[in-house]
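Asks: Below you will find the structure I want to go over with you.
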Amino acid sequence: MKSPSEEDWRRLGRAVSGRVLRPGDVGFGPASTPFNRRFAGTVPAGVVSVADTVDVQRAVVWARELGVGVSVRGGGHSYAGYSVGSGLVIDMGGLSTVTANGSTGLVTAGGGASMANVYAAIEPCEMAFALGNGATVGIGGLTLGGGYGATSRVHGITADALVATTLVTADGEVLRCDADENADLFWACRGGGGGNFGVNVSFTFQAQAVADCATYVLLWRIEDAEKVFSVVQETVRSAPDAFAARVGVSTTGSDAIVSCIGQHLGSAAELREILDPVLSVAQPFRVAIDDRTYWQAKDDLLHETSAGAFAARTSVLNRPLPDEAISAMLAAVRRWPGSGNPDGGGAALFSWGGAVNRVPVAGTAFAHRDAMFLLSMDTSWAEDDSRAVVDANLGWLGELADTMAPYGSDRSYLNFTDPDLKSWRSAYYGVNYERLSEIKQRVDPDGFFAFAQGIGS
């Protein structure tokens, strides 16, 4: 990769309405620091905080002319740190405007909009679509990787709600993509991953009217974990699509907790009836089951991780874990090596299925259309932990993933990106990878948008 001269950087600064930031400039850190501090050592040569689509075009053309690598940063939450590279970071934070039309249900979000931006726009209209539960997560990365939320068993994945997107290609062209215009590229943008085909500067979604719902939080000690995991899986399998669950076990070394958290698009009374087998198998030490508005439920499910570094492995499951798999998983969690990060380590099952399964595998780039659960396994450490601690945590995670591999389908969820995954093409995309590669070759034949797990790499 070429190193631009100081005059090259000044020329970029004159060409854009936004700001060009270099290491040492005020604001450079927040615009260039990866959310996952595992990759804090990656420092870009510069950041352009774009103000509009023209800025994106000019930044792309500038970088291409000079042979500078580009990374696109929306929310900056890439698990693998791909929103920051050593070349030019296109910081999309300035494109955060979201508009919502209550009469048509259409929601248009700038490519740098966060979950907080989207929720603020749609709440007055009393409508929504499947969204994430982290306030600072970007709508761009969520959508392009598929996007799963607590209402996905009813509304599908985030990408299923997408009706149009506009992106800037590697040659600086602006393309609108929908079912009729640039349809192949539109298909690719629904689960094909961010940063592969261009810079998505806007997204338009079809939202649905919301209704009141109920949320729940159930907590147990780890001694009850085997019974709880088994019964929750069966409960999900028999429950209506309106019910969503995340059942997990987490440890900080000194303590381990089993949790079952989620929501039901119905009343608390209905929710209690659905959860009765779970409540009966082992008495939780905390029980909270409450009627909520949709927006209160969103706040109940809000999740933010601690600062520091982390790693995750995932497995897409099309059937429940058998008892021996649950036992092996719990035994591994008990062996977590410890670290200085209060997030600790653990494993969790997310209920998929429902509307997610009612779209054909080839209907969008998102390939996991037969999934019943997502198994997510993770570990974390502090930035000042020793190399030995980091290696122990990564080794533990790898062993846990290997232990659970026989019970999965050799598939992984793109939005929980795993930089250590070797078979990522088939794991993320399955049978859709070949078509994605063909589209990549047409829209970006020179591979200008490139990163370690980028399409075509």
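Coordinate-derived values only; no laboratory data. Quick caveat, the model's predicted, so the values are computed rather than measured. When we count neighbours, we look across all protein chains shown, and the Cβ atoms used for this are built from the backbone with ideal geometry, even at glycine.
Asks: Hand me the GluC sites (Glu not before Pro) from the stretch 177-271 located in a DSSP loop with no more than 13 other Cβ atoms within 10 Å, in residue order please.
Replies: Those that pass, being in a loop and sparsely packed, are Glu181.
Asks: In percent, what relative contact order does the stretch 213-428 have, based on Cα pairs under 8 Å that are 6 or more apart in sequence?
Replies: Once normalised by length, the contact order is 25 percent.
Asks: Using alpha carbons only, what's the Rg to Rh ratio of the stretch 98-209 with Rh from Kirkwood?
Replies: Rg/Rh: 0.94.
Asks: For His264, His77, what ranking results if the residue with the fewest other Cβ atoms within 10 Å of its Cβ goes first?
Replies: The order, fewest Cβ neighbours first, is His77, His264.
Asks: Give me Phe243, Phe28, Phe205 sorted ascending by neighbouring Cβ count inside 10 Å, so fewest comes first.
Replies: Arranged by neighbour count, lowest to highest, Phe243, Phe28, Phe205 become Phe28, Phe243, Phe205.
Asks: Students often forget the sequence filter, so: which aspartates and glutamates lie under 20 Å Cα-Cα from Lys227 once same-chain residues fewer than 8 apart are removed?
Replies: Within the straight-line cut-off, Lys227 pairs with Asp255, Glu273, Asp276, Asp323, Glu324.
Asks: While we're here: Run through every distinct alpha carbon pair of the stretch 318-361 and return the Kirkwood hydrodynamic radius in angstroms, one decimal place.
Replies: Evaluated on the stretch 318-361, it is 13.3 Å.
Asks: How big is the stretch 6-91 by the Kirkwood estimate over distinct Cα pairs, in Å?
Replies: About 12.7 Å, per the Kirkwood formula over Cα pairs.
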